[in-house]
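First comes the structure, then the notes that go with it.
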Amino acid sequence: MWQETDSIAGSPAPGIDVSAAAIIEEGRLLIVSKKAAPEVFYLPGGKPEPGESAEEALIRELDEEIGVTPTEVAPLAQVRDVAVLEGVPMRLTVFTAAIDRAPRIAAELAALGWTSGSDRYAPLLAPAIRNQVVPLLVRSGLLAG
Ligand SMILES: Nc1nc2c([nH]c(=O)n2[C@H]2C[C@H](O)[C@@H](COP(=O)(O)OP(=O)(O)OP(=O)(O)O)O2)c(=O)[nH]1
């Protein structure tokens, strides 16, 4: 289902897996920052726990982080970059999603915002989001850019 670009068949991918949601409302993408690094913004989500699928992890993390349940979840892309907090290789599995209520900051989050991808948040976005996910959303017609 996912297109793999740089793994050798049969060998596990190095680094960490992270699931994240691209939630767009009124032309803006929902982004969050964590208390551990309040100046870095990225998509809500996190690492799957043992035995959890990427989508199950996403649903759990959205509840824990922003108190919402996704109403429509669809695979968008897998991107590889350096995980901005750990500094290790990361495979980020991104789903598009809608949410059932207004998000609110919970758990370990510092802030929540909505970005066009080219506004004041742009320099604060994690590299995977700024360089890969936002351009993909713009190419897909989901974000004006
Ligand atoms: N959720 C998320 N994490 C991202 C994105 N881009 C990016 O580099 N990361 C990095 C930040 C962290 O280094 C790592 C995710 O770790 P995390 O601390 O948010 O995961 P978690 O909620 O499962 O936390 P924990 O179990 O380690 O406490 O991936 C993104 O768009 N969304």
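The values are calculated or read from the model by the stated rules, or taken from the named source; none is laboratory data. Because the structure is predicted, anything quoted here is derived from the model rather than measured. All Cβ positions, even for glycine, are placed from backbone atoms using ideal geometry, and neighbour counts span all protein chains on display. Note: accessible area is taken over every heavy atom of the protein model, side chains too, but ligands, DNA and RNA are not part of it. Shrake-Rupley method; radii C 1.70, N 1.55, O 1.52, S 1.80 Å.
Out of curiosity, is T71 more than 15 Å from K34 (Cβ to Cβ), modelled with pLDDT under 95 and either touching a Pro at 6+ places or on another chain (Cβ under 8 Å) or open to solvent by 50 Å² or more (accessible area, probe 1.4 Å) (or both)?
On the way: more than 15 Å from K34 (Cβ to Cβ): yes; modelled with pLDDT under 95: yes; either touching a Pro at 6+ places or on another chain (Cβ under 8 Å) or open to solvent by 50 Å² or more (accessible area, probe 1.4 Å) (or both): yes.
Considered against the rule, which asks whether it is more than 15 Å from K34 (Cβ to Cβ), modelled with pLDDT under 95 and either touching a Pro at 6+ places or on another chain (Cβ under 8 Å) or open to solvent by 50 Å² or more (accessible area, probe 1.4 Å) (or both), T71 comes out as yes.
Could you check the stretch 106-115 and list, in sequence order, the residues that are modelled with pLDDT of 95 or more and either of a type outside the set (S, T, N, Q) or more than 15 Å from the chain's Cα centre (by Cα) (or both)? Outline the logic, then answer.
Residues of the stretch 106-115 that are modelled with pLDDT of 95 or more, as a first pass: 109-115.
If the condition is that a residue be modelled with pLDDT of 95 or more and either of a type outside the set (S, T, N, Q) or more than 15 Å from the chain's Cα centre (by Cα) (or both), then L109, A110, A111, L112, G113, W114 are the ones that fit.
When you scan the stretch 71-83, do you find a residue that is closer than 18 Å to L137 by Cβ, within 8 Å of the ligand (Cβ to nearest atom) and charged (D, E, K, R), even just one? Yes, the conditions are met somewhere in the stretch 71-83. Number of residues in the stretch 40-68 that are open to solvent by less than 40 Å² (accessible area, probe 1.4 Å) and away from the ligand (no atom under 14 Å from the Cβ) equals 2. With respect to the conditions (1) in contact with a Ser or Thr (Cβ under 9 Å, 6 or more places away or on another chain); (2) near the ligand (Cβ under 9 Å from one of its atoms); (3) open to solvent by less than 50 Å² (accessible area, probe 1.4 Å), V32 lacks only one, and its number is (1). If only residues of the stretch 125-136 that are within 12 Å of the ligand (Cβ to nearest atom) and in a helix (DSSP H, G or I) are counted, the one that is surrounded by the fewest Cβ atoms within 10 Å (Cβ to Cβ) is N131.
Checking the condition in a helix (DSSP H, G or I) and not hydrophobic (A, V, I, L, M, F, W, C), which residue from E72, E49, E55 passes?
Values: E72 fails: in a helix (DSSP H, G or I); E49 fails: in a helix (DSSP H, G or I).
Answer to the selection: E55.
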